[in-house]
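The values are calculated or read from the model by the stated rules, or taken from the named source; none is laboratory data. Note that this is a predicted model, so its numbers are computed, not measured. Reconstructed Cβ throughout: ideal geometry from the backbone, glycine too, with neighbour counts over all protein chains shown. These accessible areas exclude ligands, DNA and RNA; they are computed on the full protein's heavy atoms, side chains included. Shrake-Rupley method; radii C 1.70, N 1.55, O 1.52, S 1.80 Å.
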Amino acid sequence: MKLDIHHLALAGPVQAGFPVEPVPTLDLGEALPLARGPNLYLAPLPGAPAAPRPVNAPGIAHLCVQARNGEAVRMALEQGGAAFLSPPVALGTGYLYAYAHDAAGRLFELETAPFLPPSPPVWFGHVAFVSPDADRLARFYADLLGAPLQAGGRFRGRRFDQVAGLEGINLEAFWVRAEHFTLEFWRYHAPPAPAVDSAAWHPYLGLQTDSIEAALARIEALGGRSGAVLTGPDGRSARAWDPDGNGLFLIELAAGAQDRSVAALGHRDALQRVADARTAQG
């Protein structure tokens, strides 16, 4: 059984300036609207958030955008209605970091660095989760995807406060690098996380599989929950939930819908090229 990160669902339209193009909606027993990015699909769903997402609220927290030419990308995103929380901030990694709320109030992150590859001009770096038990949640996704888990340690200080627009940040981080995409996990020890319905901004993470039944069984074996399987002309789908209750949406595409599969992403090797560029940079 194979599992790939396929898409991130959005409450409301895609942020103007994101590197995506619309593709035909999939009918998998329920409709799945899609926009294709370089290395990830986005799924804009009806509705819109009522308020900007708090940075440290639990759930699916943000989508990371990466680019070499950060200033040009930032200007394009601001013209599309994004409001940045701070100017780009260096955290000692070689990257500049900036959080922003898009026009719908969803949180995203812009990471830029001069050593990044020039093509594609913009791509997606990771999807981030905030969890009170981030190491457990990271292990769930590492086991689910068959991918390595990396612990990043604790982070605090004035520059982290500046990026997040918070005071007294104390957090720890974990990463799971799947075949073509990365998931990031944060635990905020401080400041206290607000109680919100995180699905109001990002309802779920979409996973593509070649066996929905096997994928659902693995989710349940690892401590998650699964729902009923639906069937449509473009394939099958099922809802599921990780141990924190974050939504998952599994899809198994029919032969005639492979043009909207992970394999059809034009730059699904973008993060490997980033890693290669970082290695060459030293």
Whole-percent tail of the Cα-Cα distance distribution for the range 95-148, cut at 18 Å, equals 54 percent
Heavy-atom accessible area of the chain with neighbours in place, 1.4 angstrom probe: carbon+sulfur share in percent works out to 54 percent
Of the residues Ala138, Pro192, Gly235, the Cα lying farthest along the dipole of the chain towards its positive end, which is defined by charges on the beta carbon of Lys, Arg, Asp and Glu, belongs to Pro192
Here the gain from full extension of Glu213 to Met1, 0.36 nm per residue of separation minus their alpha-carbon distance, amounts to 75.4 nm
Expected vector for the range 29-37, Karplus 3J(HN,Hα) from phi with 6.51, -1.76, 1.60 and θ = phi - 60°, integer Hz, x for Gly and Pro, equals x, 9, 6, 10, x, 9, 10, 8, x
Heavy-atom accessible area per residue of the chain, all protein chains kept, 1.4 Å probe, expressed in Å², is 40 Å²
Dividing the surface of the Cα convex hull of the chain by four yields a projected area in nm² of 13.3 nm²
Answer in debye to the nearest 20: the dipole magnitude of the range 132-282 about its Cα centre, from +1 Lys/Arg and -1 Asp/Glu charges placed on Cβ, is 420 debye
Here the gain from full extension of Gln272 to Ala254, 0.36 nm per residue of separation minus their alpha-carbon distance, amounts to 3.7 nm
Counting only residues 5 or more apart in sequence or on a different chain, those whose built amide H sits under 5 Å from that of Val65 are Glu109, Leu110, Glu111, Gly125
In order over the range 53-66: 3J(HN,Hα) from phi, Karplus 6.51/-1.76/1.60, θ = phi - 60°, whole Hz, x for each Gly or Pro, gives 6, x, 4, 9, 6, x, x, 6, 8, 7, 10, 9, 10, 10
Given Cβ charges of +1 for Lys and Arg and -1 for Asp and Glu, the option among Leu85, His267, Ala16 whose Cα lies farthest towards the positive end of the dipole of the chain is Leu85
Full extension between Glu179 and Asp133 adds, at 0.36 nm per residue less the Cα distance, a length in nm of 14.1 nm
Scalar couplings 3J(HN,Hα) for the range 120-130 by Karplus 6.51 cos²θ - 1.76 cosθ + 1.60 (θ = phi - 60°), nearest whole Hz, x for Gly and Pro, are x, x, 8, 8, 9, x, 6, 10, 10, 10, 10
Computed for the range 1-155: size of charge dipole around the Cα centre, +1 on C-beta of each Lys and Arg, -1 on C-beta of each Asp and Glu, debye to nearest 20, value 220 debye
So for R0 = 41 Å, FRET eff. of Ala228-Asp161 from the Cβ-Cβ r, to 0.05, ends up at 0.40
In debye to the nearest 20, the charge dipole size for the chain, taken about the Cα centre with +1 at each Lys and Arg Cβ and -1 at each Asp and Glu Cβ, equals 540 debye
